[in-house]
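Taking it in order: structure first as structure tokens, then the write-up.
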Amino acid sequence: MIRLKNVYKEYRNGTHALNGLSLEIQDGEFVFLVGPSGSGKSTVIKVLTGEVIPTEGQVMVNGFSLVNIAEWQIPYLRRTLGIVFQDFRLIDKKTVYDNMVFAMRAVGASPREIKKRIGYVLKLVGLENKASRLPDELSGGEQQRVAIARALLNNPSTIIADEPTGNLDPARSLEIMTLLKRINELGTTVLVVTHERDLVNRFSERVVMLEKGRVIGDGVGKYGVNVHA
Amino acid sequence: MSMRKYNTHDIRYFFTEGLSSMFTHGFMSFAAIGITVACLLIMGTFSLIAVNADATLKKLEQENQVLAFVDESLTEAQARTLESKLLKVDNVASVEFISREEAKDAFASEYEDDPLFQNLDPAIFRNRFVVNLEDLSLMRETKTALEQVPGIADVNAYVELSDGFITLRNIAAVISMTLIAVLFLVSVFIIANTIKLTFFDRREEIAIMKMVGATDSFIRWPFVCEGFLMGILAALIAFFLQWGLYGLITKGVSGNDVFSIIQIVPFSHMWAPVALIFVCAGIVIGVGGSVSAIRQYLKV
Ligand SMILES: Nc1ncnc2c1ncn2[C@@H]1O[C@H](COP(=O)(O)OP(=O)(O)OP(=O)(O)O)[C@@H](O)[C@H]1O
Ligand SMILES: [Mg+2]
């Protein structure tokens, strides 16, 4: 479960990115996080992953309190999260399969676990035939599916994606969102940041709208209907 | 940074990653290993010179006893009474009286093939004491003290020779200490810089590892292993080079009459300590380099 309560974040240069933001996401939910550029969406994601420590307020993510988390606990928090970025962040010189191996080894998985799990997640994202390709030999949509597969490797309870379709054309974007929705249906909580109004409106899911570091709208299918960016 | 919490597959991973980084920066690794080898070789060579100078001193100590000749005017009986006086001199370990007769016999048997030296008149030899010293480095002072004993006419000692070896040993020690300290720092610095390159190369991988929840120590270990492997490799190369170099030098020295006084310790008597010291020093340099790089540059 994710709970932010009255969260403030002031960056070192004095920018107030979050201004008393409160938000709660239950296990198993699918949530779009939307809002204009600079409204604090990425900052929220960074707070949830422990990359940015809030200046004030309370943040609980999967049982970890992010305000007074010890440095050494952050890796363990991250193992409960699958993180996906706009730029995929794959290792160019490793094959799809080796990218997966790399991510699992990093958390100390045994070779046997690795073999079993990689086959499963690649099938889930529909790339079991492309395991031996290099990232360069895949389309953008396929690369993002690899990144999603990697995010699923350690069986996280939550997927957090910051503009996962930002680099993709509308058709690929819809595919990726549909994949995330399917993963959500398998029981994983999903939080997706996106700009794309049309895409959001093709799903009837909860939409949380930010502006100036605060939640200004929260409901199902409201983006572009009741709340305008 | 305890390794205990890691499985064998993790540890194998750390080493293969370390090894592959080493080859990725072939040239830098080559330079770093080369400098470390040079450091170890210089350290080893000067230590071995010191060892040999020491062995030669020991030999001199045993073989080149000091001879104290008794005044000609004393009878043999009077000469024998000097023994207790000589024993009181500082730094004297033991004395042995050798009469004219005995000296003559020893001389004759040494030149047994030469009829010219047989049937010599014992009167041309002098009564003498063979004096063994406790500390050879005090030979000069002891020689003077022995000469002060009434009834001793003359003292024969290889003062210059033993002084020379003591100086050699001390110079070898000072030079090796200084060079070792300097080269040690240089080696650590170069290894640290090689590993810094690896950080740069792997910054994306490091970011991904952090994203998926790798612990800081898990991220650091491959770099420690990289330094460790470079140190071990340098130690092995230096060991074999030292072996060959020592063989060459000792061959030159033993084939030369001028150096016949030098006691050469065979490498086979020293290979184990040399290998052990090289490996330990190599590991300290390698791991030292990676730890210093991690502290300065790896922000995890
Ligand atoms: N590291 C930083 N240091 C200083 N200011 C920052 C930093 N990161 C973000 N900001 C500022 O904080 C505010 C919120 O940024 P954030 O990246 O969270 O916005 P966003 O909603 O993700 O925008 P976008 O849709 O463009 O990605 C912006 O004004 C931004 O300039
Ligand atoms: Mg953003």
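For segment B:1-159, the Stokes-Einstein estimate of translational diffusion at 10 °C and a viscosity of 1.306 mPa s comes to 75 µm²/s, using the Kirkwood hydrodynamic radius over alpha-carbon pairs.
For segment B:55-97 versus segment B:203-218, the spacing of their alpha-carbon centroids is 76 Å. Applying a threshold of 28 Å to the alpha-carbon distances of A:46/A:115; A:5/A:181; A:93/B:299; B:59/B:104 flags A:46/A:115 as lying beyond it.
On the basis of the beta-carbon distance and an R0 of 60 Å, residue A:71 and residue B:241 show a calculated FRET efficiency of 0.85. Of the chymotrypsin sites (Phe, Trp or Tyr not before Pro) found in segment A:1-100, those that fall in a DSSP loop while having at most 13 other beta-carbon atoms within 10 Å are A:11. Across segment B:152-300, counting alpha-carbon atoms alone, Rg and Dmax equal 23.1, 90 Å. Sum up the charges of everything whose Cβ sits under 13 Å from the Cβ of residue B:16, counting Lys and Arg as +1 and Asp and Glu as -1, but leave residue B:16 out. Summing Lys/Arg as +1 and Asp/Glu as -1 gives -2. Taking every Cα-Cα distance in segment B:65-134 and sorting them into 10 Å bins from zero, the calculated P(r) comes out as 20, 44, 27, 8, 0 percent. Between residue A:13 and residue A:216, the modelled label-to-label distance comes to 2.2 nm, taking each label 7 Å out from Cα in the direction of the beta carbon.
A Förster radius of 22 Å combined with the Cβ-Cβ distance from residue B:185 to residue B:15 puts the calculated FRET efficiency at roughly 0.25. Annotation for segment B:1-88: trypsin sites (Lys or Arg not before Pro) lying in DSSP loop with at most 14 further Cβ atoms inside 10 Å of their Cβ are B:4, B:5. The order of B:90, B:105, going from fewest to most other C-beta atoms within 10 Å of their C-beta, is B:90, B:105.
Our analysis of segment A:113-198 gives Rg over Rh at 0.95, with the two radii drawn from alpha carbon positions and Rh computed by the Kirkwood formula. Derived value for the protein assembly as shown: Kirkwood hydrodynamic radius 29.9 Å. Basis is the mean of 1/r over every pair of different alpha-carbon atoms. The gain in end-to-end length when the residue B:197 to residue B:174 segment is fully stretched comes to 4.8 nm, 0.36 nm per residue minus the alpha carbon separation.
Per DSSP H run of n ≥ 4, the term is -39500 (n - 2.57); total these for chain A, divide by its residue number, and report the mean residue ellipticity at 222 nm rounded to 500 deg cm²/dmol. List each step's numbers first, then the result.
Working: 7 runs with 72 residues, N = 229.
Theoretical 222 nm ellipticity from helices: -9500 deg cm²/dmol.
A straight line joining the Cα centroids of segment B:120-184 and segment A:74-98 runs 74 Å.
Summing charges over neighbours of residue A:100, with a neighbour being any other residue whose Cβ is under 11 Å away from its Cβ, gives +4 when K and R count +1 and D and E count -1.
Given 0.36 nm per residue, what is the gain on full extension from residue B:137 to residue B:154 after removing their alpha carbon distance, in nm?
4.1 nm
Relative to the longest principal axis of the Cα atoms of chain A, helix A:96-105 runs at roughly 70 degrees. Taking Cα atoms, how many degrees apart are the long axis of helix A:111-124 and the longest axis of chain A, rounded to 10 and kept between 0 and 90? Compared with the principal axis, the helix lies near 70 degrees.
Here the calculated FRET efficiency for residue B:93 and residue A:5, from their Cβ-Cβ distance with R0 = 51 Å, stands at 0.05, rounded to the nearest 0.05.
Here, each number is a calculation from the coordinates, and none is a lab measurement. Note that this is a predicted model, so its numbers are computed, not measured. Counting neighbours? That spans all protein chains shown, and the Cβs are built from the backbone with ideal geometry, glycine included.
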